[in-house]
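The values are calculated or read from the model by the stated rules, or taken from the named source; none is laboratory data. The shown structure was predicted, so the numbers you read here are calculated from the model rather than taken from an experiment. With ideal geometry, Cβ positions are generated from the backbone for all residues, glycine too; neighbour counts draw on all protein chains shown. Surface areas here come from the heavy atoms of the whole protein model, side chains and all, with no ligands, DNA or RNA. Shrake-Rupley method; radii C 1.70, N 1.55, O 1.52, S 1.80 Å.
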Amino acid sequence: MNPVLEYLAQHHERFVRDLGDYVRFPSISAQPQHKPDLQACATWLAERCRQLGLDTELCPTPGHPVVLARTPRQPGSQRPHFVVYGHYDVQPPEPFELWTSPPFEPRLSGSSLFARGASDNKGQHLAHLNAVEAYLHTGTELPCDLTFVIEGEEEVGSPNLAGFLEARRTELRCHHVVISDTGMPARDLPALTYGLRGIVAVELKLTGPSRDLHSGIFGGTVDNPALALCQVLAQLRDRRGRVNIPGFYDDVVSLSPYERRQLARLPYQERAYTKFLGVPQLAGEAGYTAWEQRSARPTVEINGLTSGYQGEGSKTIIPAWASAKLTFRLVPNQKPRPIARCVQRHLRKLCPPTVRADIHIGHGGEPYLLDPRSPAARAALRALAKAFDREPVLLREGGSIPIVTEFQRILGAETLLLGLALPDDNAHSPNEKFDLDNYAAGMRLGAALWPELAAIA
Ligand code: BES
Ligand code: ZN
């Protein structure tokens, strides 16, 4: 057996314990009170990188730190260079009451480790670090130089990473970026993700009276901001499931017949999918399959809606304000800025003069598409096949990793997305988990990938 693989198998239990330690940090980037936890988490990660033999820096940014860790360089090395990206920040765990065990206390059950961040994304990049440890500790020569860039702000749109990449662009110049932060369509079905959706976040707040009012005394004379908001939001999607905003679809590239054929080959059973999601019936844009709808078509979603009295019992008021957090998922060739402008213009038009509208445009990211037939994509597919002992599929996915197009712009490097998450890993949901068989497969992927990629670089 190859010594790297042997080492990975021998140390599996410790690697699971390491992941357990890593997920204990409540590194919730969206919540300012967790800033010290992000710092502590980054410090732990940097220490782990140093221990395994990487030349490591904990780099401050205006937000949360970036962990930068490099394999030992040979002087004057002409070896190919790859960047491995990941994020140590996690999504908020709320609602707590739906967790079977506390989100930041790792729980092993069957072949899974349950905790917020286990699969998105701590387990996935730790697998790559473990694979590098196996190379270094067995004295197996890596065929390339690697730099790990692990940030703490992915889940809030990576506001400081592009600046960091600009500042370090010379040392980070590389042949390709590798990211394991996406999913697989099913267990034992590895995938190369060659497309991601982009995103634009928008907050809309409608303000009416200067304070909550008695709805009996004043109702009928002043507008109700909550109702006005509902009426505005209800117009954002039409009956056919399309985003109802002028200009929104102008730059959308339609799916090619080749892509539609590829997506049609992916496993999908409507009944199982419906049951898995717990919905009475599916919804979506007419004329597209479920895979097409959730990976290659743009959408509008309401992520949060707040107004009025939320406590027990009733309270008869006209709330002073109502607000909604929206995100739009974008597909090639939609761009976040022009889309944000057309959304803003349309929202202004829809809001009645009886309320004041504040529109805040939040983070944004461009959609991504890679040529799935490029030599690097084919090399990655070979590594996936070795690691999982299964033929991988090609995939476009609906989630977003905004920094991917910045890697292209700033470092001139394309990204290979080799996801290890399962559909039921509950990313962003209660009871997130990571499958430990996939953790092991991810390490084998880290073992197989570098010789394949170095050979074509
Ligand atoms: N790991 C996800 C992205 C992802 C998941 C891509 C599954 C494809 C399939 C990442 O951590 C994430 O959640 N990104 C955010 C980005 C946003 C906050 C800017 C997303 O997609 O909502
Ligand atoms: Zn995420």
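On the basis of being away from ligand 1 (no atom under 16 Å from the Cβ) and among the acidic types (Asp, Glu), does GLU153 make the cut? It is false that GLU153 is away from ligand 1 (no atom under 16 Å from the Cβ) and among the acidic types (Asp, Glu). Looking across region 394-420, the residues that are modelled with pLDDT of 95 or more and aliphatic (A, V, I, L, M) come down to ILE401, ILE403, VAL404, ILE410, LEU411, ALA413, LEU416, LEU417, LEU418, LEU420.
Selection within region 308-348: residues that are touching a Ser or Thr at 6+ places or on another chain (Cβ under 7 Å) and small (Gly, Ala, Ser). The member of this set that is surrounded by the most Cβ atoms within 10 Å (Cβ to Cβ) is ALA322. Within 15 Å of ligand 1 (Cβ to nearest atom), surrounded by fewer than 24 Cβ atoms within 10 Å (Cβ to Cβ) and closer than 25 Å to ASN431 by Cβ - does that describe any residue in region 92-114? Within region 92-114, one or more residues are within 15 Å of ligand 1 (Cβ to nearest atom), surrounded by fewer than 24 Cβ atoms within 10 Å (Cβ to Cβ) and closer than 25 Å to ASN431 by Cβ.
Of the residues screened, GLN293 is not one that is polar (S, T, N, Q) and farther than 27 Å from PRO338 by Cβ.
For region 408-426, does any single residue satisfy the condition of being open to solvent by 20 Å² or more (accessible area, probe 1.4 Å), free of Cβ contacts under 8 Å to residues at least 60 places away in the same chain, more than 15 Å from ligand 2 (Cβ to nearest atom) and under 18 Å from the mean Cα position of the chain (by Cα)? Looking for residues that are open to solvent by 20 Å² or more (accessible area, probe 1.4 Å), free of Cβ contacts under 8 Å to residues at least 60 places away in the same chain, more than 15 Å from ligand 2 (Cβ to nearest atom) and under 18 Å from the mean Cα position of the chain (by Cα), one finds at least one in region 408-426, hence yes. For region 365-390, a tally of residues being within 16 Å of ligand 1 (Cβ to nearest atom), open to solvent by 40 Å² or more (accessible area, probe 1.4 Å) and outside any loop (DSSP other than H, G, I, E, B) returns 1.
Among helices (runs of 4 or more DSSP H) entirely within region 203-273, having at least 2 residues that are aliphatic (A, V, I, L, M) and at pLDDT below 95 singles out 257-264. Within region 78-91, at least one residue is away from ligand 1 (no atom under 16 Å from the Cβ), surrounded by fewer than 22 Cβ atoms within 10 Å (Cβ to Cβ) and not charged (D, E, K, R).
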